[in-house]
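> My questions will all concern the structure given below.
What follows is calculated from the coordinates using simple rules that are stated; it is not laboratory data. Predicted model, so just to flag it, every value in this text is computed and none were measured. Cβ coordinates were reconstructed from backbone atoms using ideal geometry, including for glycine residues, and neighbour counts include every protein chain displayed.
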Number of protein chains: 2
Amino acid sequence: MSKFGLYGKLLVKEDDRDKLVSILLEAAESMKNLEECQIYLISTSDEEPNAVFVYEVWDNEDAHKASLSLESTQLLIERAKPILTGMENINTLKISGGKGISL
Amino acid sequence: MSKFGLYGKLLVKEDDRDKLVSILLEAAESMKNLEECQIYLISTSDEEPNAVFVYEVWDNEDAHKASLSLESTQLLIERAKPILTGMENINTLKISGGKGISL
């Protein structure tokens, strides 16, 4: 049984990148109470200084969708919106398994 | 202190995808003994039926490089080579944090 995964990036002006990272780290903190969310990792890359990358693993797609309507998530989305210049879903994934999650 | 991350894909003919997934799951199994490897997750995507995606998180880049010369890794690379049609490093990442790893 595969898990539901997402890999995407949020785009900002370079000067706003660290601010977005801290907002997303708060989002990750709020995910720590959600058992259906196994992975929610925030990254940057020297290759793209105006992007913040998010890799997520959820028990299923519905659990991910439900999380978007949580008040904590909505508040963070509102805080991020003013500095976002774009976003891209790079891949929607079926997680076959590996190290770091329980299937 | 960020961790070292990689997100990439390995390309095969569609018929060989599941075979590659199982080889990479074996690789993930062997990573379970490596403390410096926190995440090694194998995924597919309906969007790209000839690709297998790997998301990795390591304590640092040297730990990742060292793993490539392990005998277990070399054996798996040899087994995968005949069916690989290509590979792409999508992003080299600095993992800022989040849910699923310990910084």
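> Taking 7 Å along the Cα-to-C-beta vector as the label spot, tell me the residue A:48-residue A:73 distance in nanometres, rounded to one decimal.
Distance between label points: 2.1 nm.
> I would also like to ask the following. Sorted by mean Cβ packing within 10 Å, highest first, what order do the peptides B:70-78, B:13-21 take?
Highest to lowest by the protection proxy: B:13-21, B:70-78.
> Find the relative contact order for segment A:3-94 and round it to a whole percent, using C-alpha pairs within less than 8 Å whose residues are 6+ positions apart.
Values: 150 pairs, mean separation 45.8, N = 92.
Value for segment A:3-94: 50 percent.
> Quick one: label points 7 angstrom along Cα→Cβ at residue B:73, distances to the other copies in nm, smallest first?
3.6
> Return an integer: the convex hull volume of the alpha-carbon atoms of chain A, in Å³ per residue. The partial results should precede the final answer.
On the way: hull volume 10.1 nm³, N = 103.
Expressed per residue, the convex hull around the Cα atoms of chain A is 98 Å³.
> So, one more: Calculate the length of the line joining the C-alpha centroid of segment A:16-64 to that of segment B:31-103, in whole Å.
Cα centroid to Cα centroid, the span is 19 Å.
> Where nothing but the Cβ of Lys and Arg (+1) and of Asp and Glu (-1) is charged, how large is the charge dipole of segment A:1-80 around its Cα centre, in debye to the nearest 20?
Working: 8 positive and 17 negative charges, 12 e Å.
Computed charge dipole of segment A:1-80: roughly 60 debye.
> Amide H of residue B:90: which non-local residues (sequence gap of 5 or more, or other chain) have their own amide H closer than 5 Å, using H built in the peptide plane?
B:7, B:8, B:9
> To continue, here is another question. Going 7 Å from Cα along the Cα-Cβ axis for the label, what nanometre distances separate residue A:46 from the same residue across the other copies?
Its label point is 3.8 nm from the equivalent points in the other copies.
> Hey, another quick one. Relative to a virtual label point 7 Å from the Cα of residue A:14 in the Cα→beta-carbon direction, which members of segment A:36-53 show backbone nitrogen distances below 14 Å?
A:45-51
> Sticking with this structure for a sec: Between residue B:60 and residues 5 or more places away or on another chain, which pairs have amide H atoms under 5 Å apart, with H built 1.01 Å from N, and which residues are they?
Counting only residues 5 or more places away or on other chains, the set is B:4.
> Choose one answer from B:28, B:51, B:63: the residue with the largest mean-square fluctuation in a GNM of chain B with alpha-carbon springs under 10 Å.
It is B:63.
> Karplus couplings for segment B:88-95 from phi (6.51 cos²θ - 1.76 cosθ + 1.60, θ = phi - 60°), rounded to Hz, Gly and Pro as x?
Rounded to whole hertz, the list is 9, 7, 6, 8, 9, 10, 9, 7.
> Give me a comma-separated list of calculated 3J(HN,Hα) values for segment B:38-48, in order, Karplus coefficients 6.51, -1.76, 1.60 applied at θ = phi - 60°, integers in Hz, x for any Gly or Pro.
Result, rounded to whole Hz: 8, 9, 8, 10, 10, 9, 10, 8, 4, 6, 9.
> Mind checking the dipole of the protein assembly as shown: about its Cα centre, +1 per Lys or Arg Cβ, -1 per Asp or Glu Cβ, Debye to the nearest 20?
So the magnitude is around 40 debye.
> A further question on this structure: Around residue B:60, what is the net charge, scoring Lys/Arg as +1 and Asp/Glu as -1 over all other residues with Cβ under 10 Å from its Cβ? Each step should come with its number before you reach the end.
Numbers: positive: B:3, B:65; negative: B:36, B:59, B:61, B:62.
Counting the neighbours of residue B:60, the net charge comes to -2.
> Next question, about the same structure. What are the equivalent ellipsoid semi-axes of the protein assembly as shown, built from the alpha-carbon gyration tensor (square roots of five times its eigenvalues), in whole angstrom, biggest first?
Values: eigenvalues 163, 65, 53 Å².
Each semi-axis is √(5λ); the values are 29, 18, 16 Å.
> Peptide A:50-56: average number of partner chain Cβ atoms within 10 Å per residue? Numbers along the way, then the final one.
On the way: counts 0, 1, 1, 8, 1, 12, 3.
That works out to 4 on average.
> Report ³J(HN,Hα) in whole Hz for each residue of segment B:66-75, in order, from the Karplus equation J = 6.51 cos²θ - 1.76 cosθ + 1.60 where θ = phi - 60°; Gly and Pro get x.
My calculation for segment B:66-75 gives 4, 5, 5, 9, 5, 4, 4, 5, 4, 4 Hz in order.
> Let me ask something additional. Which value in nm describes the separation of the simple spin-label points at residue A:102 and residue A:83, placed 7 Å from the Cα toward the beta carbon?
3.6 nm
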